[in-house]
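Mind having a look at this structure? Questions to follow.
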Amino acid sequence: MTHPSQKRKGSALITTIVLVGVLAVAMASLLKYSVTENRINHRHKLRTQSENTAEAVVEYGFAQLSHSFDNNTTVASNTFNSSGSGALALPPKASLGSNVDYAKLAVFASTVPTSSLTYIDPKEPDNMFDPLKGKYVRAFDVTVYGKATINDPNGGPQISTHVSQTFQVRDTPLFSHAIFYNLDLDIHPGPEMAVYGPVHTNGNLRLAPIGGLSFHDIVTATGNVYHHLEHLGASTRRGAVNFMDESGASRNMMIGGVWMDSEMGTGALNDKFRSFASNRWQGNLQTKAHGVPVFNPVAFPDYEPDDLGTAAYDPVNSGRAIIEPPLPNSHPEYKVEIEIQKMSNKAGLYFKWDTTTNSVKAYDGSGSPLDISSLEGTLWEHKPDVMKDHRRSQDITLIDINTGKLKQLIESPDTSDSVLHIGGYDPATDWNGVVYFECTSSDLDSAAAKNLNFSGIRLHGAETDVPSEGIPSRGFNPGMSFVTNNALYLRGHFNSDGYTATTSAYTPETGEVPVAVMADSVIFLSENWDDSVTSMIPPAVTTEYATAVVGGIRPSNVQGDGSQSGGNENFPRFLENWGGEDFYLRGSMVCLYESEVDFSIWGHTSYYRPPYREYGFNKLFATGAYPPGTPLFRTYRRTNYTNLLPSKFNTVTSSL
């Protein structure tokens, strides 16, 4: 008979054996699971490495595309063909992981298509934070394909990733903005000011209004936005600063007594500004925090302000090349792509004036001399020391150009009469709407030569409803762009009918054509201007101008002198008492550079009284009708990142 305790011991042993077996099975399963999980994690890391490497290959391709399009106005369709000299290169081997199979890396670019007019629809969710939303651009897409293969250090099979992404190249007309600055943009008006149309600056946006400032379209800055009065820093001015949200409602930048600019009341850049601005204004105020790019014409270097730490005044004033004369290809600063962009090289009618000898000559677009000797006194007139410019504190010698006479010479020339045509010039084939007036000085005095002997060009006779006046316009590209490297004065109603009771700052009138004026500085003289009045602040009358304006400014605090630029509200320069009168400017205001000929200081109201400013963005430009030869700036956008099957990748890239 078995003792009960022995039975219990046997049962316990069996139970122990069963438990040990169960635990062993569990441990084995757990170990197997752990090994499997490690293997999966290992392969997942390799997969992620493969995806990241393929993306890096595409990014390296994008960098090469960007460099090419940054430095070439046009690029041939087969430039990036894999069998040609322009084929995209792979990233350096040393920049990649040691287990990357470098021999199996691949990068391709599609052919370069012809650009097409494209509207960046602000209603599309993907475009909410696109700096160009709401604009027409000339765009084309280049697709980059990338492949990466990763070796498994544990001996497993290789992992490959095949991807593609679209590189969109967008050329945007310079006059697609109501206000465009290549420098810091300062706006600090006294009276309330409203800005209708897009605004962009390649620098900082500094705002300090007294009566209020409202933006009614997208505002972008490559730098930051500050509630500052120019270089003087944070301002105590309390005028509201409103930006539009997605619904069109205006929302103030001040909340609870705090200016919610890029510093958000902290006195230093605040990393929360991006999310705050995105939520409050839904993409209608974007800054450096949002990745807003620099907008430059092709091949133009970025503007750089003077370094106050050096004695010399040496800004990188690269944008001014757009209005400068051509350089010979032997010149050490000659760059073919910049020469292509210059308005002087686009001109179909070219004048040249030596401000020392007073010789005036004319040429067609190919450089052949023209006969304008019979047109002195009707088309052009040399007027020595004819007017007093109290901002420059000088008597100014002018070449007066009658645009109404130029209109007749271009639109209805009569070759049988020497005063009714330009000798040797056929407008039917030679005119392209771009007129360039080069001013030089042979003066041995370097200071006199630099300021072109205190001279300028003046346009008059441009009222559209007066017989024998108006703007020349002919051919498939209507309107005119008038460009000079000197100071430019506009006298009287310009490209407008002068009936200001019905004038709009935005809507073009009957007979109005797309016009641009570009100069070292642009000074506006009212319909009431009289050269014989030399006293300070002569009286002005309400006057209307319909033109895009490209000009320069004297930046604030030049070499620490404490001066102010006057802000965008004083970008149009005045010399009269405009008090109580309206100044209409229907167009686009573009500051690309510092002035060099007329570097005079904005003097508050010592030589003028401000008008009621009626600045508006011309609807002609908003709908894509631009002046002849309008410069373009180029930007890029990445879209459509896609993972591809190997078969699809091989099929698409086989012909590239």
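Within the stretch 493-509, restricting attention to residues that are under 19 Å from ILE179 (Cβ atoms) and surrounded by fewer than 19 Cβ atoms within 10 Å (Cβ to Cβ), which residue is modelled with the highest pLDDT?
THR507
Name the residues in the stretch 467-492 that are hydroxyl-bearing (Ser, Thr, Tyr) and open to solvent by less than 50 Å² (accessible area, probe 1.4 Å), would you?
Those that are hydroxyl-bearing (Ser, Thr, Tyr) and open to solvent by less than 50 Å² (accessible area, probe 1.4 Å): SER473, SER481, THR484, TYR489.
Quick one: is SER115 within 30 Å of GLY624 (Cβ to Cβ), surrounded by 14 or more Cβ atoms within 10 Å (Cβ to Cβ) and touching a Leu at 6+ places or on another chain (Cβ under 9 Å)?
Considered against the rule, which asks whether it is within 30 Å of GLY624 (Cβ to Cβ), surrounded by 14 or more Cβ atoms within 10 Å (Cβ to Cβ) and touching a Leu at 6+ places or on another chain (Cβ under 9 Å), SER115 comes out as no.
Specify the residue that is farthest from LEU409 (Cα to Cα); the eligible residues are those in the stretch 340-354 that are of a type outside the set (A, V, I, L, M, F, W, C) and touching a helix residue (DSSP H, G or I) at 6+ places or on another chain (Cβ under 9 Å).
The residue in question is GLN341.
Another one. Give the residues of the stretch 229-264 that are assigned to a loop (DSSP other than H, G, I, E, B), within 20 Å of HIS290 (Cα to Cα) and among the basic types (Lys, Arg), sorted by residue number.
Scanning the stretch 229-264 gives no hits.
Taking ASP530 and the conditions (1) among the charged types (D, E, K, R); (2) within 20 Å of the chain's Cα centre (by Cα); (3) more than 30 Å from ASP314 (Cα to Cα), which numbered condition does it fall short on, given that it satisfies the others?
Result: ASP530 fails condition (2) only.
With respect to the numbered conditions (1) without any contact (Cβ under 8 Å) to a residue 60 or more places away in the chain; (2) among the small types (Gly, Ala, Ser); (3) open to solvent by less than 70 Å² (accessible area, probe 1.4 Å), which one is the sole condition not fulfilled by SER98?
With (1) without any contact (Cβ under 8 Å) to a residue 60 or more places away in the chain; (2) among the small types (Gly, Ala, Ser); (3) open to solvent by less than 70 Å² (accessible area, probe 1.4 Å) applied to SER98, the lone miss is (3).
Scanning for something part of a loop (DSSP other than H, G, I, E, B) and at negative phi, does the stretch 454-462 turn up at least one residue?
Taking every residue of the stretch 454-462 in turn, none turns out to be part of a loop (DSSP other than H, G, I, E, B) and at negative phi.
A further question on this structure: Going residue by residue through the stretch 549-570, is there one that turns out to be in contact with a Gly (Cβ under 7 Å, 6 or more places away or on another chain), open to solvent by less than 10 Å² (accessible area, probe 1.4 Å) and modelled with pLDDT of 95 or more?
Yes, the stretch 549-570 contains at least one residue that is in contact with a Gly (Cβ under 7 Å, 6 or more places away or on another chain), open to solvent by less than 10 Å² (accessible area, probe 1.4 Å) and modelled with pLDDT of 95 or more.
Does any residue of the stretch 406-414 turn out to be among the small types (Gly, Ala, Ser) and open to solvent by less than 40 Å² (accessible area, probe 1.4 Å)?
no
Output the residues belonging to the stretch 625-656 that are surrounded by 15 or more Cβ atoms within 10 Å (Cβ to Cβ) and either hydrophobic (A, V, I, L, M, F, W, C) or modelled with pLDDT under 90 (or both).
ALA625, LEU632, PHE633, LEU644, PHE649, VAL652, LEU656 - these are the residues of the stretch 625-656 that are surrounded by 15 or more Cβ atoms within 10 Å (Cβ to Cβ) and either hydrophobic (A, V, I, L, M, F, W, C) or modelled with pLDDT under 90 (or both).
Further question on the same structure: Taking the condition of being in contact with a Phe, Trp or Tyr (Cβ under 9 Å, 6 or more places away or on another chain), farther than 20 Å from VAL419 by Cα and open to solvent by 50 Å² or more (accessible area, probe 1.4 Å), how many residues in the stretch 353-392 meet it?
2
Is there any pair linking a residue in the stretch 493-504 that is over 10 Å from TYR584 (Cα atoms) and of a type in the set (Asp, Glu) to one that is modelled with pLDDT of 85 or more and not in a loop (DSSP other than H, G, I, E, B), with Cβ under 8 Å and at least six apart or on different chains, and which?
Once the first residue is over 10 Å from TYR584 (Cα atoms) and of a type in the set (Asp, Glu) and sits in the stretch 493-504, its partners that are modelled with pLDDT of 85 or more and not in a loop (DSSP other than H, G, I, E, B) give ASP497/GLU463; ASP497/GLU544.
Let me ask something else. Hey, any hits in the stretch 597-619 for a residue that's at pLDDT 95 or above and farther than 25 Å from LEU207 by Cα?
yes
If you don't mind, there's one more thing I want to ask. Restricted to the stretch 173-216, and to residues that are buried (at least 24 other Cβ atoms within 10 Å of the Cβ) and among the hydroxyl-bearing types (Ser, Thr, Tyr), which residue is modelled with the lowest pLDDT?
By that ranking, first place goes to SER176.
For the stretch 107-121, name all the residues that are without any contact (Cβ under 8 Å) to a residue 40 or more places away in the chain and either farther than 25 Å from GLU59 by Cβ or of a type in the set (Ser, Thr, Tyr) (or both).
Hits for the stretch 107-121 are THR114, SER116, TYR119, ASP121.
Sticking with this structure for a sec: For ALA63, only one of the following conditions fails: (1) in contact with a strand residue (DSSP E or B) (Cβ under 7 Å, 6 or more places away or on another chain); (2) under 19 Å from ASN640 (Cα atoms); (3) not in a loop (DSSP other than H, G, I, E, B). What is its number?
It is condition (1) that ALA63 fails.
Out of (1) over 24 Å from ASN486 (Cα atoms); (2) surrounded by 15 or more Cβ atoms within 10 Å (Cβ to Cβ), what's the single condition that is false for PRO315?
Answer for PRO315: the failing condition is (1).
Can you list the strands (runs of 3 or more DSSP E) lying wholly within the stretch 486-575 that have 2 or more residues being in contact with a Pro (Cβ under 8 Å, 6 or more places away or on another chain) and under 23 Å from ARG458 (Cα atoms)?
By residue number, 515-518, 521-525, 548-553.
Could I ask something else about it? Do you know which residues across the stretch 162-172 are touching an Asp or Glu at 6+ places or on another chain (Cβ under 8 Å) and open to solvent by less than 10 Å² (accessible area, probe 1.4 Å)?
Scanning the stretch 162-172 gives VAL163, PHE167, VAL169.
Here's something else I'd like to know. (1) of a type in the set (Gly, Ala, Ser); (2) open to solvent by 50 Å² or more (accessible area, probe 1.4 Å); (3) modelled with pLDDT of 95 or more: which one isn't true of SER446, the others all being true?
Result: SER446 passes all but (3).
The values are calculated or read from the model by the stated rules, or taken from the named source; none is laboratory data. Just so you know, these numbers come straight off a predicted model, no measurement behind them. We place every Cβ from the backbone using ideal geometry, glycine too, and count neighbours over all the protein chains shown. For accessibility, only protein heavy atoms count, side chains too; no ligands or nucleic acids. Shrake-Rupley method; radii C 1.70, N 1.55, O 1.52, S 1.80 Å.
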